[in-house]
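Report on the following structure.
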Amino acid sequence: MTTLMPVLRYALFPFSLLYGGIMRLRNWLYDHQVYHVYQAPIPVICVGNLNVGGTGKTPQVEYLARLLQPRKIAILSRGYKRTTKGFVLADARATPASIGDEPYQYTQSLSGVRVAVCEKRAEGIQRLLQLFPDLEVILLDDAFQHRAVKASAYLLLTDFNQLFTQDYVLPAGRLREFRSGARRADAVVVTKCPDQLDQAQQENISSQIQKYTNPYTPVFFSKIVYAPAVPVGQGKTLGKELVLVTGIANAQPLVRHLRDAGHAVVRHFDWEDHSAVTEERIQEVLAFYNAMHNSNACIVMTQKDAVKWQDSTLAPLWQEYPVFYLPIANAFAPQQPTFDQTVTAWVQGSGNRY
């Protein structure tokens, strides 16, 4: 939920109504095909959210890609904050700067999956199909409001700690459109759930969400699972004392995980989401690490941060230091039908409402 003061939220509410009304009109124009809508000849699954900020889209997209393999899969993203324009296909020359943080991470994590970026998703899909006619599935990353493409299925994500049902439209809140936009979803995933989430809590949250979705839209619950730390510099084992570096929307779950695992976070360099990694910033981290005079301490970050540190111009600065990253993945609470069964049905056609 937004942290705005109630008085400020009240003052901004008229602007939220205006913004939300514009978005509702835009959606109506797309729904009634006043604006042109492109539909691909193969299954396209759109992953997105109603709010701005992180809801765990990257691990969710990776989960889908692994679930749907060995089908021939491509991921298409906008490539937020990249330095390039238009359609760019990730290749051996790709960098976080040229295609964006998350798309570059996909290239590192997902063997055999094509990755591309394009602001205009319809154009991006058509280019992918021209280049790879044998593609079987395309995953659209962060495209829930990109109405120029009609996807085969829409997967809506909402953070357990910031449910869209308790939020407001910009600028009073963090929603990109009214809550009723959830009606486009074929399924909803509540992400970043705590380890202990009982059935009663799940049913309560599901009932809140289903006030805004179509009837019988399934609601799933997932949690973040941290894999063992991966060394990218010197050192093989993550030490007890850590210098944490993050450039993500919400680092608190990671901080809690490290502390629960018995680590002491001596310093947290908490940079803004999608922050650029520069030589100056790395030198700042290394200067603090050197001042600790503790050979058992380590530098740790998320995989999303690590891909930027591994830029060829920056890597020589830190490769002699004990630097690690923590991979993350999704794990779903038991449910029937399962999340995997639901998504597989979409690709097979039985879950396509169009």
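The values are calculated or read from the model by the stated rules, or taken from the named source; none is laboratory data. Predicted model only: the values in this text are computed from it and were never measured. Note that each Cβ is placed from the backbone with ideal geometry, even for glycine, and that neighbours are counted across all protein chains shown. The protein model used for the area step is the full one, side chains on, heavy atoms only, and it has no ligands, DNA or RNA in it. Shrake-Rupley method; radii C 1.70, N 1.55, O 1.52, S 1.80 Å.
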Self-check item: Check: segment 238-345 dipole with +1 on Lys, Arg Cβ and -1 on Asp, Glu Cβ, in debye
Solution: 300
Self-check item: Whole-Å distance, taken between Cα centres, linking segment 284-308 and segment 122-147
Solution: 38
Quiz prompt | Assigned charges on the beta-carbon of Lys, Arg, Asp, Glu; the chain dipole about Cα centre (debye) | solution = 860
Quiz item: Which ³J(HN,Hα) values, rounded to whole Hz and listed in residue order, are derived for segment 21-31 from phi using the Karplus coefficients 6.51, -1.76 and 1.60 in 6.51 cos²θ - 1.76 cosθ + 1.60 with θ = phi - 60°, glycine and proline given as x?
Solution: x, 4, 5, 5, 4, 4, 4, 4, 5, 6, 4
Quiz item: So which trypsin sites (Lys or Arg not before Pro) in segment 231-301 end up in coil per DSSP with only 10 or fewer other C-beta atoms within 10 Å?
Solution: Lys236
Quiz item: Among [x] 78, 65, 55; [y] 97, 48, 35; [z] 64, 51, 40, which one is Cα extents along the principal axes in Å computed from these coordinates?
Solution: [z]
Quiz prompt | Computed over segment 3-161: relative contact order in percent, which uses C-alpha pairs under 8 Å that are six or more apart | solution = 37
Practice problem: Could you list which residues have their amide H under 5 Å from that of Glu241, counting only those 5 or more apart in sequence or on another chain, with H placed in the peptide plane? | Solution: Ala264, Cys298
Practice problem: Output the relative contact order of the chain, whole-number percent, from Cα pairs under 8 angstrom with separation of 6+ residues. | Solution: 20
Exercise. With springs connecting C-alpha atoms under 10 Å apart, model the chain as a Gaussian network and identify which of Glu284, Glu119, Glu102 has the largest mean-square fluctuation.
Key: Glu284
Quiz item: Ordering His293, His257 by how much accessible area each has at a 1.4 Å probe, largest first, what is the list?
Solution: His293, His257
Quiz item: Roughly speaking, what is the centre-to-centre gap between segment 31-93 and segment 176-236 when only Cα atoms are used, to the nearest Å?
Solution: 19
Quiz item: Ignoring ligands and nucleic acids, what accessible area does Glu279 show with a 1.4 Å probe (Å², nearest 10)?
Solution: 90
Quiz prompt | Rounded, prolate or oblate (a/c below 1.5 giving rounded, otherwise prolate when a/b exceeds b/c) for segment 160-199 by Cα gyration tensor | solution = oblate
Quiz item: Under a 5 Å amide H to amide H cut-off, with H placed in plane at 1.01 Å, what residues pair with Val189 once short-range neighbours are removed?
Solution: Leu156, Leu157, Thr158, Phe220
Practice problem: Quote the accessible area belonging to Leu238 in square angstrom, nearest 10, computed with a 1.4 Å probe and with ligands, DNA and RNA left uncounted. | Solution: 40
Quiz item: Once you list every other residue whose beta carbon is under 10 Å from the beta carbon of Ala97, what net charge do they have if Lys and Arg are +1 and Asp and Glu are -1?
Solution: +1
Quiz item: Short version: ³J(HN,Hα) in whole Hz for each residue of segment 45-51, in order, from phi by Karplus 6.51 cos²θ - 1.76 cosθ + 1.60 (θ = phi - 60°), x for Gly and Pro, what are they?
Solution: 10, 9, 10, x, 8, 8, 9
Quiz item: Just from its helices, what would the mean residue ellipticity at 222 nm be for the chain, if runs of 4 or more DSSP H residues each count -39500 (n - 2.57) and the sum is divided by every residue, rounded to the nearest 500 deg cm²/dmol?
Solution: -10000 deg cm²/dmol
Quiz item: Taking the chain as a Gaussian network, Cα atoms linked when under 10 Å apart, which of Asn51, Asn296, Asn214 shows the biggest mean-square fluctuation?
Solution: Asn296
Quiz item: Given a 1.4 Å probe, how much area per residue of segment 50-156 is accessible, in Å²?
Solution: 38
Quiz prompt | Those aspartates and glutamates that a straight Cα-Cα span of less than 15 Å connects to Lys236, excepting residues fewer than 8 apart in one chain | solution = Glu320
Quiz item: Which order do Lys192, Lys211 take when ranked by solvent-accessible area (1.4 Å probe, heavy atoms of all protein chains), largest first?
Solution: Lys211, Lys192
Quiz prompt | Portion, in percent, of the accessible area of segment 235-354 that falls on carbon or sulfur, probe 1.4 Å | solution = 48
Quiz item: Which of Thr58, Ser77, Tyr226 sits farthest toward the positive end of the charge dipole of the chain, with +1 on the Cβ of Lys and Arg and -1 on the Cβ of Asp and Glu?
Solution: Ser77
Quiz prompt | Accessible area expressed per residue, segment 241-335, with surrounding protein chains retained (probe 1.4 Å, Å²) | solution = 46
Quiz item: So who's got an amide H within less than 5 Å of the one on Val149, skipping anything under 5 residues away but keeping other chains? H placed 1.01 Å off N, in plane.
Solution: Tyr38
Quiz prompt | Karplus-derived HN-Hα couplings along segment 240-249 (A = 6.51, B = -1.76, C = 1.60, θ = phi - 60°), whole Hz, x at Gly and Pro | solution = 7, 9, 10, 9, 9, 10, 9, x, 10, 5
Quiz item: Which of these, Gln310, Gln145, Gln69, has the largest mean-square fluctuation under a Gaussian network model of the chain (Cα springs below 10 Å)?
Solution: Gln69
Quiz prompt | Accessible area in the full protein assembly, largest first, 1.4 Å probe, for Thr58, Thr83 | solution = Thr83, Thr58
Practice problem: Please work out how much accessible surface Ser295 shows to a 1.4 Å probe, ignoring ligands, DNA and RNA, in Å² rounded to 10. | Solution: 110
